[in-house]
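The values are calculated or read from the model by the stated rules, or taken from the named source; none is laboratory data. It should be emphasised that the depicted structure is a prediction, and the values quoted were computed from it without experimental measurement. Using ideal geometry, Cβ is built from the backbone for each residue, glycine included, and neighbour counts are taken over all protein chains shown. We work out accessible area using only protein heavy atoms, side chains counted, and drop any ligands, DNA or RNA first. Shrake-Rupley method; radii C 1.70, N 1.55, O 1.52, S 1.80 Å.
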Amino acid sequence: MTQNVKKKVKELLESGKIKGFLGLCQKNGHIGPHLFCDPDDLESMVLGDEERPGDSRYPLNKLLIHIARSYPDETFGVLVRGCDERGLKTLYTWNQLNPDKVIPVGVACPQELADACECLRPYPEEFVEGERAEERSSASVTKISGLDVKDRFTSWMKEFARCIKCYGCRDICPMCFCNECSLEAEELIHTGELPPEIPIFHLVRAVHMAGRCIDCGLCNEVCPADIPLRTLYKKVADIIDEEFNYRPGYSEGKSPLNILGSAAEE
Amino acid sequence: MGDCHYLYGNVATEKRVRFLKKLLAFSGIEEERLRCKWVSSAEASEFVEEMQDFTETLRALGPSPLKQAGAQRAA
Amino acid sequence: MNEKRKEKTEQPDDLRIGVFICDCGSNIAGHLDCSAVTEYAASLPGVVFAKENLYTCSEAGITEIQKAISEHELNRVVVASCSPRTHQPLFQSSCAEAGMNPYLFEMVNIRDQCSWVHMQEHAEATEKAKELVRMGVAKAAFLEPQKDIEASLLSRVLVIGGGVAGLSAAEALADMALEVILVEKEPKAGGLLNQINQLVPEGVKAAEYVERIIESVNSKSNVTVHLGTEVKAIAGYIGNYEITLQRGEGEAIQEKVGCIVVATGAVPLEPAGLYGYDGERVITQMQLEEQLLNGQFKAQRVVMIQCAGARVPGREYCSRICCMIAVKNAALIKDQDPEAQVHILYRDIQMYGTEKERMLWDARGKGVRFDVYDPEKPPEVKDGQVLFEQPIVGTKRQIPCDLVVLSTPLVAREGASALSQLLRIPMDQNGFFLEAHAKLRPLDFATDGVFLCGSARYPATVAEARSQGLGVASRVATVLFKDKLVTSALVAEIDPETCVGCLGCLDMCPYGAIEFVPEKGICEVNTILCKGCGCCAATCPSQSATLKGFKPKQLLSQIRAI
Amino acid sequence: MDYRTVPTTCTYCGCGCNFFLEVLDGRIIGTIPSKSGPANQGKLCIKGWHVHQFVQSPERLTRPLLRKNGNLSEVSWDEALDYTASRLKEITSAHGSDSAGFFASAKLTNEENYLIQKFARAAVGTNNVDHCARL
């Protein structure tokens, strides 16, 4: 399954178009992110499927920010699925990556993963591996929307009550690039409480995801308490789409919340 | 709209409020609890009307679920 | 990922707050218990002194504050009285005189939205005043001393546009001994007046009128006129603008100025496709002016159609001056040839002021016919006739004529949006420039240092354009006749330690006060341009952008005191 | 340029969560939980997420400290071990084996923890062994 990606990366590395390729590899029994710099060293490359397709995905575009900050003049390749590509696009608008210095190499997600993710577009614009799976709409959002307002409240309160405030949702999030985080701002959220102030902690994060979340679902995967964060942020994205006709990573340009005035929107 | 002391401040606010109302609703907090209206200093009667209407709305909705949840947690 | 500096949210322990409760005569004390509020204020944390005054803003009240600052070593002052709009500057400067940083002053309004609106509810009003005072004191605890921002000023002005508005501004500015650079796109100054016949009500020839102003401007040694020249680039901000001018294909001219006046005017609508407009049998008022000016006018039966292309979907505004022009020209035609027939078809006549109203009655007296038409059923121009239907009675009328004159509106220049982007100044939906406030600041832009006059703002008569030009000169003078620019320190700041250069704030700044610095990879605030609106602070995802005097800590302490 | 992701095990507690440390040019810049870590399956607690911060903290102790004349001062491992051994001997010979106690740590491996209890029981002769994860 990795032949085409390897071939493409080998070409890019040999031609000197990229300094390195940020992908995934199997090492010490773990699948993890790896920067491939040597064209003869692509043996261990994998796509992140261990037991199930895509069960070992990582926020490669976020890691790329770390590298690019130190090496702004170098070009890097990066492995992208549909969501990663949306992430790249959004990070470009936030000036966190330079589109001229990034060469994405795409893989399309299999149907099983697309179903699990309820992904609106489980493939990047161009891909060298995999086949285009069918898009899926979000049943999880519909389910919660269907509840009575009181039941919705109770259900979210139950979910948020499990939070152990590990900040994993933020730390894994490829769209969280701030140095200083509002979730740690004493003025906004009481400190020294576990679970963190309900529902403020999670709603503050949800607000920050508006116009930004690209629905990769990594937050949901890293949550030790299994809080359905992806569903919450899917709804956030739906709202921004309904109200302003903008969906991060799908639409062009900046979030409507980051554009002055109303002329540029709608 | 746009007729703001800070040029586009009210446009920016309006966008956020539109988003927030729907987010609150999804989180189980009645969106009627959040209201944003522009009333100029020359529109005293509109302001009074608006405030009375909002007070009525809040009264009809009853105490905020957040308050109840907070009390439960404290107990 | 995050190594955040923790800011203390406890109150500073060296607080010495003084609270002054104002009776405002009986304005406040007549409707609530000021003594109770004063007593309550004294009990609040951090408050070391509380005093009730009959009038805090009076000489005696001010002395009281200043005395208390020195006697009780106050490091915060809270005045609970009227609107900050009225007296905040007075109280602040009084505190400064007494040696306290003026930014450590906080004002609470217990009059306008408290005593005045709860006149029949003495007890409730008293409670509300207490709450408001508690909020003010809570915020005051977190106030930080600031220093006013100062910048230099160049005593030179750029005037863009050499029509009557721009010329008048240049003339007046030069008379104030300011150096003026006047830029006119056309090879000749004078603007629309060059094409106009004569002015009302005096009957002065337009060309003579404008020529006199041009000569006056040219005669002044401190005015440089650049004809056939356009503004290519503008950088900088109030007090220190760098501008690039371009004359044709010639070399670019660099200039530095302190203020900019926009007087780019407007243009008459070219009514292509309207009422069979052909420029011969169906012409515009502007073309009629030229015919009258050159003595080419020969028609015997004239029909004028008002609001041609105006007050229609897509161009809904009233151009203000077309009714007056039509009446003026109709009367003139009648003066030249009393036998001529002149018909004006209108929707409603807008003659501004008593002088213009007089013109209308005079024209009627001279035999000009006026007929109203229904905008739903506009007149038709057909085979040397104008057909229209009289509203109410419903009679269909035909007016034979040999000339149809369309009164078309003034419309914004095509180049307006380019200039709007150069200067970052707003336009309304019709492409006219938008002043800071229609009533309070009609000649200012919200951007400091940039001013506006004439038809670039909205269609104006010659007299209005002239007076706006003179007015704008005095607006410029209020800025440039100071030694230096002093602005409030309550502006935004961006923490360079935590900013990640995401540009989130940059596009949200209505004043173009935020700049991305590529070498540092962060955004910075230009404190002269910043107006302290806080859009950046509300947008910044990392709280790196904050607004001085309105930091989350300061606002939230106030809110949580409720 | 040298960018690596180094798989390792969390030393905070005894759970044994796996993660990768992001290392750029010799500096640890981030922690990425391992999706295939059997104990944590891609999740971490707040301490684990911030491992990269303490590793390089300037406040971290990197050499043994010995209190001399009331002040802590850095000494060599040899000196520290010699001192500990001699004091252990002195104290246990004067007051008996149970006058000493041993405190093991979740930050150690199983093998190291085995060794410390073995040392306590077999070499010193006491059952006074405890562990920070019991707190």
Looking across the range D:76-135 at residues that are open to solvent by less than 70 Å² (accessible area, probe 1.4 Å) and touching an Asp or Glu at 6+ places or on another chain (Cβ under 9 Å), the single one that is nearest to D:T9 (Cα to Cα) is D:S105
How many residues are small (G, A, S) and touching a strand residue (DSSP E or B) at 6+ places or on another chain (Cβ under 7 Å) if we restrict to the range C:386-425?
5
Checking the condition loosely packed, with under 15 Cβ neighbours inside 10 Å and touching a residue at least 12 places away in the same chain (Cβ under 8 Å), which residue from A:S44, A:S56, A:S15 passes?
A:S44
Restricting attention to the range A:189-230, which residues are among the charged types (D, E, K, R), touching a residue at least 24 places away in the same chain (Cβ under 8 Å) and under 25 Å from C:C540 (Cα atoms)?
A:R205, A:R212, A:D215, A:R230
Residues of the range D:12-40 classified as touching a helix residue (DSSP H, G or I) at 6+ places or on another chain (Cβ under 9 Å) and over 19 Å from A:L63 (Cα atoms), total:
6
Would you be able to tell me the number of residues in the range C:188-198 that are open to solvent by less than 20 Å² (accessible area, probe 1.4 Å) and of a type in the set (A, V, I, L, M, F, W, C)?
2
Inside the range C:503-529, the number of residues satisfying the requirement of being facing chain A (nearest Cβ under 10 Å), among the small types (G, A, S) and open to solvent by less than 10 Å² (accessible area, probe 1.4 Å) is 1
Inside the range A:227-258, can you point out the residues that are open to solvent by less than 10 Å² (accessible area, probe 1.4 Å) and facing chain B (nearest Cβ under 9 Å)?
A:L232, A:V236, A:I239, A:I240, A:F244, A:P256
Got at least one residue in the range A:104-125 being open to solvent by 10 Å² or more (accessible area, probe 1.4 Å), assigned to a helix (DSSP H, G or I), touching a Leu at 6+ places or on another chain (Cβ under 9 Å) and of a type in the set (S, T, N, Q)?
no
All conditions in (1) assigned by TED's automatic domain parsing to the domain that holds D:F119; (2) touching a helix residue (DSSP H, G or I) at 6+ places or on another chain (Cβ under 8 Å); (3) within 24 Å of D:N110 (Cβ to Cβ) are true of D:I91 except (3)
In the set A:D73, A:D84, which member is over 22 Å from the mean Cα position of the chain (by Cα), outside the structural domain of A:R170 (by TED's automatic domain parsing) and either open to solvent by less than 30 Å² (accessible area, probe 1.4 Å) or of a type in the set (D, E) (or both)?
A:D73
Considering C:A446, C:A492, C:A438, which residue is within 14 Å of chain B (Cβ to nearest Cβ) and over 25 Å from C:G166 (Cα atoms)?
C:A492
Could you list all residues from the range A:40-76 that are more than 13 Å from chain D (Cβ to nearest Cβ) and part of a strand (DSSP E or B)?
A:M45
Tell me, which residue of the range D:21-49 that is closer than 22 Å to A:A225 by Cβ and open to solvent by 30 Å² or more (accessible area, probe 1.4 Å) is farthest from the other protein chains (Cβ to nearest Cβ)?
D:A39
Here are some residues: C:V491, C:V476, C:V500. Which one is crowded, with 19+ Cβ neighbours inside 10 Å and in contact with a Lys or Arg (Cβ under 7 Å, 6 or more places away or on another chain)?
C:V491
Hey, could you check the range C:239-268 for residues that are assigned to a loop (DSSP other than H, G, I, E, B) and more than 25 Å from the chain's Cα centre (by Cα) and say which is nearest to C:S168 (Cα to Cα)?
C:G248
Given (1) in contact (Cβ under 8 Å) with a residue 12 or more places away in the chain; (2) away from chain C (no Cβ under 13 Å), index of the condition A:R170 fails
(2)
Is the range C:151-158 home to any residue that is closer than 30 Å to C:A489 by Cβ, crowded, with 19+ Cβ neighbours inside 10 Å, of a type in the set (V, I, T) and modelled with pLDDT of 95 or more?
yes
Which residues, taken from the range C:530-554, are of a type in the set (A, V, I, L, M, F, W, C), over 19 Å from A:L183 (Cβ atoms) and open to solvent by 30 Å² or more (accessible area, probe 1.4 Å)?
C:C533, C:F550
The range A:134-167, subset in contact with a helix residue (DSSP H, G or I) (Cβ under 8 Å, 6 or more places away or on another chain) and more than 14 Å from chain B (Cβ to nearest Cβ), residue surrounded by the fewest Cβ atoms within 10 Å (Cβ to Cβ)
A:E134
Can you give me the ranges of the helices (runs of 4 or more DSSP H) entirely in chain B with at least 2 residues that are modelled with pLDDT under 80 and facing chain A (nearest Cβ under 10 Å)?
B:65-74
Matching residues, the range C:341-381, being surrounded by 18 or more Cβ atoms within 10 Å (Cβ to Cβ), under 36 Å from the mean Cα position of the chain (by Cα) and in a strand (DSSP E or B)
C:I344, C:L345, C:Y346
